[in-house]
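The values are calculated or read from the model by the stated rules, or taken from the named source; none is laboratory data. In this text, all values refer to a predicted model and were calculated from it rather than measured experimentally. No Cβ is skipped: glycine too gets one built from the backbone with ideal geometry, and neighbour counts run over all protein chains shown. For the accessible areas, the whole protein counts, side chains as well, though only heavy atoms, and no ligand, DNA or RNA atoms are used. Shrake-Rupley method; radii C 1.70, N 1.55, O 1.52, S 1.80 Å.
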Amino acid sequence: MKSVFNLILFLLVLFYPKVGYAQSDSELILDLKQKLAQAEKDQEMVGLLNDLAWEYYYQDFDSALHYTDWALTKSIELEDTYWKSVSLEMKAILMELSGRYEEAISLYLQVIPLRQEVGGEGLENTFNNMAALFQNQQNYELSLVYFRKSLEIEQSRQNRAGIAACLINMGISYKNMNQLDTAEGLFREANKIAEAIQDSLLIVHSSLSLGDFFWKNTQGDSARFYYEKARKSGLASKDYNSVGVALQGLGTLEQEEGRLGPAMDYLNQAEDYLDRVKSFHGLSNVYFRKAQIFKDSGKPEQASQYFEKYINLNDSLRTMEILRLTADMEQKYESERKERQITELELQAAERELQVRANRARLSMLVVVTLLLLFLGGFFAYRYRTQRKNALILAEKNKAIQVALQDKEVLLREIHHRVKNNLQVVSSLLSIQGREIEDAKALEAVKESQNRVKSMALIHQYLYGEHDLKSINMKEYVTQLSQNLFDTYRLDRDLVELILNVEPIHLDVDTAVPVGIILNELITNSLKYAFPEGKSGQLEVIFMEKGRQLELQVKDDGIGNNASQNTGTNFGMKLIQAFQQKLGAEIIIENKNGYSVTCAIGKYRRIWLENIAS
């Protein structure tokens with residue numbers, strides 16, 4: 001993994017976050033696995049493991065992490081500082097990919113002294129990757145600190161390709177900080193170096209950066225020049241993704257200047273190239289532009305077709321992102337749950353060992369007493385001292401058990417606290433993303449996803465805040481969740497009355513999470529559709545145990561079901577149906593005098609107060 005390759009990888013991720021994988025990637029992975037099986041030297045094996053992790057980087061996170069951990073373990077066994085630094089950095093990249101930014105930064109900070117220990121080899125990569133992490137978090141000032149460190153190393157080694165890549169990265173940070181003159185100068189200098197060394201990849205990306213810069217500053221002629229330059233260089237290097245982006249830029253310029261025919265020609269070519277490499281974000285932009293051109297050309301049918309393509313592709317991208325975030329959260333929760341189980345097993349084993357030792361001590365004491373009774377009376381004093389010593393040992397061991405149990409409780413509370421914080425980070429990311437979305441439907445979807453994440457975060461907030469760590473008081477949870485949703489949708493409490501009929505039932509976490517998500521969807525549905533502006537009414541939430549079932553009912557006396565409240569197709573109902581089998585639930589929907597959904601839940605675990613106390 002060479003210096004320039006890592007710097008250019010960041011640019012590829014920045015410009016093209018969704019690039020499809022060709023069959024050659026799979027062939028490369030098979031070849032690496034074959035070489036791994038035949039490797040004779042340990043260092044060669046560690047290098048192949050890291051190469052496999054790199055190839056799996058975007059295809060299969062679990063496989064990438066598996067090979068990275070294997071490489072790290074092997075390098076530690078070999079006491080090889082260089083390969084340990086490479087393996088740690090690969091793991092840091094994976095942690096960043098999964099959204100675990102604090103762990104990624106911690107790993108990068110471990111890599112830096114190791115890189116310095118082996119003479120600074122690869123240190124420019126580490127600084128560049130840290131800078132990219134901060135740039136993705138919109139911390140542009142800190143990203144520039146590390147980009148400059150990487151640039152200083154590249155300049156000291158006179159690596160012109162590395163210098164050009166650093167200048168492009170720094171230009172992006174300055175552009176996002178609205179320091180446009182500085183950004184333009186860096187892009188131009190990078191383009192000049194790329195031309196001098198005839199590096200087609202750097203020519204493409206520096207030209208695209210300049211094209212985007214001039215387009216956003218309404219300098220059409222300059223933007224057209226650099227887009228055309230990027231297109232030609234991309235064709236020469238067979239970088240078809242870059243060709244598609246450049247053609248899209250040219251089509252956008254023609255459209256904005258009113259030349260719809262040439263604009264459509266460019267966009268048709270862009271669609272072909274972007275579809276070839278499966279660049280979904282690029283295709284989304286092309287569909288939107290073509291829909292606008294058809295609309296302006298008086299062709300509503302074709303415009304409608306491309307608007308539909310645009311909406312469907314964006315919906316798919318949002319769904320993929322939500323699923324990825326959900327999978328990341330599940331992975332984190334499962335990992336923390338396993339750590340908690342291991343801790344509990346270790347505590348139980350320690351407790352059993354202490355009990356065995358105590359039994360042995362008591363047996364030894366009985367033997368000593370028997371011997372003392374048979375022999376000289378002077379041994380009675382010895383027996384007293386032995387009993388006292390054993391009593392002190394038992395007291396210390398009991399104290400150790402108590403401390404261990406307290407540590408366990410602190411650990412469990414910390415786990416729930418971290419899960420709650422991670423979910424709040426996801427909620428904040430969705431909120432930030434929502435500020436940049438202008439499409440009302442897309443913004444509503446992001447807002448609903450944020451509410452779902454908040455409903456799960458609220459559960460973990462209760463777990464680490466309450467005196468017990470095993471259950472959720474559903475009365476308190478439902479009350480808080482309902483009030484949060486009322487605040488989110490800003491309904492007038494004088495017009496819409498919230499009625500809660502909730503029993504103080506305690507449920508375990510595995511039951512409370514899906515119940516909370518279902519409740520979030522049902523209350524959100526009523527708040528969105530039941531009470532148009534100015535309409536008054538009541539929203540009632542009922543949650544109680546009947547026989548061997550839990551009954552959850554959300555009903556309102558609003559306007560009832562309508563076309564926008566189609567329960568068979570909306571994402572919220574799909575979520576409810578996904579949890580229906582897990583909870584063994586039967587769902588009944590009624591549309592009389594308002595709208596009512598009743599869930600009869602058969603699979604659940606109730607925790608009684610006496611069990612909590614024990």
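Separation between the residue 475 and residue 351 pseudo-spin-labels, each 7 Å from Cα along Cα→Cβ, expressed in nm?
3.1
How many angstrom lie between the C-alpha centres of the stretch 519-533 and the stretch 175-246?
Their Cα centres are 48 Å away from one another.
What's the carbon and sulfur percent of the stretch 70-184's accessible surface, probe 1.4 angstrom, rounded to a whole number? Write out the running numbers ahead of the final one.
Numbers: 2210 of 4940 Å².
Ligands and nucleic acids excluded, carbon and sulfur give 45 percent.
Could you order 180, 36, 539 so the one with the most accessible surface comes first? Probe is 1.4 Å.
I get 180, 36, 539, largest accessible area first.
If you roll a 1.4 Å probe over the heavy atoms of the protein chains, what accessible area per residue do you get for the stretch 159-221, in Å²?
With the other protein chains kept in place, the stretch 159-221 gives 40 Å² per residue.
In nanometres, what is the gap between the two model label sites at residue 436 and residue 494, each 7 Å from Cα along Cα-to-Cβ?
4.1
For the stretch 166-265, which GluC sites (Glu not before Pro) are both in a DSSP coil and crowded by at most 14 other Cβ atoms within 10 Å?
For GluC sites (Glu not before Pro) across the stretch 166-265 that sit outside H, G, I, E and B with at most 14 neighbouring Cβ atoms in 10 Å, the list reads 257.
Would you mind checking the pairs 91/278; 192/295; 35/232; 535/582 and listing those with alpha carbons more than 29 angstrom apart?
192/295; 35/232; 535/582
Quote to one decimal, in nm, the extra length available between residue 305 and residue 487 on full extension: 0.36 nm per residue of separation minus the C-alpha distance between them.
61.7 nm
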